[in-house]
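**Student:** Please see the structure below; I have some questions.
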Protein chains: 2
Amino acid sequence: MTAPLFLAVLLSSPHANGADTLHSWNGGPTRFAVIQFVKDVTTEGGPQYVPPSGRIAVFSHDGTLCPEQPVPVELAFILDRIKALSSRYPRWKTKEPFKSALSRNLTALASFGTRGMLELTAAAHSGMTTEEFESTVMSWLARTRNPRLNRPYDQCGLLPMLELLDFLRSSGFKTYIVLRGDAGFLRPWAEKAYGVPPDQVIGSSVRTRFEVRKGAPILVRRPDFEMMEDGPGRPGAFYRATGRRPIAAFGNSDGDLEMMQWTAAGGTRHLVLLVHHTNGGNEFAYDRKAMFGRLDKALDFGRKNGWTIADMTKDWNRFFTKTVK
Amino acid sequence: MTAPLFLAVLLSSPHANGADTLHSWNGGPTRFAVIQFVKDVTTEGGPQYVPPSGRIAVFSHDGTLCPEQPVPVELAFILDRIKALSSRYPRWKTKEPFKSALSRNLTALASFGTRGMLELTAAAHSGMTTEEFESTVMSWLARTRNPRLNRPYDQCGLLPMLELLDFLRSSGFKTYIVLRGDAGFLRPWAEKAYGVPPDQVIGSSVRTRFEVRKGAPILVRRPDFEMMEDGPGRPGAFYRATGRRPIAAFGNSDGDLEMMQWTAAGGTRHLVLLVHHTNGGNEFAYDRKAMFGRLDKALDFGRKNGWTIADMTKDWNRFFTKTVK
């Protein structure tokens, strides 16, 4: 890309040029790809125009919108909550997966797989009303920080991605977050952290029981999850929740591969962008061998197929908001 | 309510008075209740103010937004589709519930219950890609009319309810439709018919299979439904889909009772409104003994608890748009 071409794009479309919002992105092919995509789908009468109702963008959560190291935010919550509840359940000291959760042995926890995580999540996330769970989450958030970044988790959003969310929304996009974790955990704070309303957060969900207490109907969260699948199950889960196929997908791990392939095959102009964690100084550096957010197959596939890859070190100049509120 | 009080409300809040939109509603306590509710929750600084993010309104579909007689629209589709497919499946002529579907014996069909309906729905709604299903629905809609109203089904919306949807949205509400049927059937035309985007339509859903055909990922609809429950299951289904409790709920049958009770118990100013089908001349008259849309327990509960009840004959002066496009 030549500088004049890049400038021409910047100047040609005042409402969709990204110059106002994408400050934390370095000039270069990655930023250009984003701006060009938005320009193409928003140019009325242009050959790649997509009407606003079709401007659907989906973002993975952990590792795409926020760091997922040293542990993803929901796992941090679960571990804290298991610890807090453990005085009520003395047996957990010797019973797996609770024992490893209490000793924060992540390698052992990983060995129990999805089933182990479901057991921990059920213990941490159920047995209370929906409103009680939301309060529990919010009060935990208010007193907890990512230990390495020393920031509250709802202020750990990666600044370039927050700018991208804003840029897309101001260009008529509806932005969604998908995550493997419990949507009910992220929904209470997704609007503040990412500008995404609760019903645009799609993830695993708990089944509830309708009860009438003192004359007032409530919903009690049951230890019964419907899991959001990674990989090939994710496009179907997104479709079931929204009835749409996205035209833009943002991910950072192998679990996002099929969602991004499906987005790329929708028959309209599309953007698929992988976030590559290459900056151990400002954030974390990991890819093919990570315990959380492994990026291996998707990186090869993306490179081979010309996907946009955001290399944090090359493409970003700031990582987080300056101040923490 | 006195005329001067009513006029005072009309004149006091230019953006939330409903006078611009609720033309098909007769002046009187029902229309007044709607307008007063909207005024209360939108008056900043007022004691019952609800910020826009909390303005969640949920509408049942069949019988609330459109007629459900002589049969609900999705059942009309299913019956037509079973007939169209029957040449491929000669056994259906003698095998229930297909036999009764082919002879349009609704009483016999009802006797097969949910299981029978699931079997018919699976046959009519699966075995094709999501895009193929949408085309099938849209081409059926384009050539089919409600036999008694002689209108295309996507132009059978009850005009007073369409006005109500508009009024709420222009007052900052997010409007949702819930239905027991397959959300995938209504989503392709909900925006045109009701101004509700596909992801705000919540209903039963089919599971899909991710496949790669000729290099392009697609989703194939499987004959595997997750049913939206009526009654006590509905609040939980709405909560799972949105993470919210509504402050306004509109229904017309016993299946809507718990959703409306749950809405009424949310702790904020709320509106629960039952549509009572009392007008056999302009629409259809039915309640306690109807095969579709039975309104019995909910009518008693609503009357006892002071819910707003829209009596079509008393409260409405027009039922449908004048012209059909």
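**Student:** Filter the stretch A:307-317 for residues that are open to solvent by 30 Å² or more (accessible area, probe 1.4 Å), closer than 27 Å to A:ASP154 by Cβ and under 19 Å from the mean Cα position of the chain (by Cα) and give the result.
**Tutor:** A:ASP311 - this is the single residue of the stretch A:307-317 that is open to solvent by 30 Å² or more (accessible area, probe 1.4 Å), closer than 27 Å to A:ASP154 by Cβ and under 19 Å from the mean Cα position of the chain (by Cα).
**Student:** If you check B:VAL196 against the conditions, is it facing chain A (nearest Cβ under 8 Å) and either in contact with a helix residue (DSSP H, G or I) (Cβ under 6 Å, 6 or more places away or on another chain) or under 16 Å from B:LEU271 (Cα atoms) (or both)?
**Tutor:** Details: facing chain A (nearest Cβ under 8 Å): no; either in contact with a helix residue (DSSP H, G or I) (Cβ under 6 Å, 6 or more places away or on another chain) or under 16 Å from B:LEU271 (Cα atoms) (or both): yes.
Here the answer is no, as B:VAL196 does not meet what is asked.
**Student:** Every residue in the stretch B:43-57 that is in a loop (DSSP other than H, G, I, E, B) and touching a residue at least 24 places away in the same chain (Cβ under 8 Å), please.
**Tutor:** The first filter runs over the stretch B:43-57 and keeps only residues in a loop (DSSP other than H, G, I, E, B), leaving B:43-51, B:55.
B:THR43, B:GLN48, B:VAL50, B:ARG55, listed by residue number.
**Student:** I need the full set of residues from the stretch B:140-171 which are open to solvent by 30 Å² or more (accessible area, probe 1.4 Å) and under 27 Å from B:SER53 (Cα atoms), in order please.
**Tutor:** Across the stretch B:140-171, the qualifying residues are B:LEU162, B:ASP166, B:ARG169, B:SER170.
**Student:** Additional query: For B:ARG222, state whether it is assigned to a loop (DSSP other than H, G, I, E, B) and within 12 Å of another protein chain (Cβ to nearest Cβ). Give the steps one after another, and end with the answer.
**Tutor:** Details: assigned to a loop (DSSP other than H, G, I, E, B): no; within 12 Å of another protein chain (Cβ to nearest Cβ): yes.
No.
**Student:** Provide a single number: the residues in the stretch B:95-126 that are open to solvent by 70 Å² or more (accessible area, probe 1.4 Å) and among the small types (Gly, Ala, Ser).
**Tutor:** The number of residues fulfilling the criteria is 2.
Here is a yes/no grid of residues against (1) touching a residue at least 24 places away in the same chain (Cβ under 8 Å); (2) away from chain A (no Cβ under 13 Å); (3) not β-branched (Val, Ile, Thr):
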| position | (1), (2), (3) |
| --- | --- |
| B:MET259 | yes, no, yes |
| B:ALA264 | yes, no, yes |
| B:GLY281 | no, yes, yes |
| B:TRP307 | yes, yes, yes |
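**Student:** Here is a follow-up. I'd like the residue in the stretch A:221-248 that is open to solvent by 20 Å² or more (accessible area, probe 1.4 Å) and touching a Leu at 6+ places or on another chain (Cβ under 8 Å) and, out of all such residues, is farthest from A:ARG180 (Cα to Cα).
**Tutor:** Just the residues of the stretch A:221-248 that are open to solvent by 20 Å² or more (accessible area, probe 1.4 Å), to begin with: A:222-227, A:229-230, A:232, A:237, A:239-241, A:244-245.
Those still in the list that are touching a Leu at 6+ places or on another chain (Cβ under 8 Å) too: A:225, A:227, A:239.
Working: A:PHE225: 11, A:MET227: 7, A:TYR239: 15 Å.
Selected residue: A:TYR239.
**Student:** Please enumerate the residues belonging to the stretch B:287-306 that are open to solvent by 30 Å² or more (accessible area, probe 1.4 Å) and part of a loop (DSSP other than H, G, I, E, B). Reasoning before the result, please.
**Tutor:** Step one: of the stretch B:287-306, the residues open to solvent by 30 Å² or more (accessible area, probe 1.4 Å) are B:287-289, B:291-292, B:294, B:296-297, B:300-301, B:303-306.
Correct list: B:ASP287, B:ARG288, B:LYS289, B:MET291, B:PHE292, B:ARG294, B:ASP296, B:ASN305, B:GLY306.
**Student:** Continuing with the same structure: Could you list, in sequence order, the residues of the stretch B:172-191 that are open to solvent by 10 Å² or more (accessible area, probe 1.4 Å) and touching a helix residue (DSSP H, G or I) at 6+ places or on another chain (Cβ under 6 Å)?
**Tutor:** Selection gives B:GLY172, B:GLY181, B:ARG187, B:PRO188.
The values are calculated or read from the model by the stated rules, or taken from the named source; none is laboratory data. If you're wondering where the values come from, they're calculated on a predicted model, not measured in any experiment. Cβ: placed from backbone, ideal geometry, glycine included. Neighbour counts: every protein chain shown. For the accessible areas, the whole protein counts, side chains as well, though only heavy atoms, and no ligand, DNA or RNA atoms are used. Shrake-Rupley method; radii C 1.70, N 1.55, O 1.52, S 1.80 Å.
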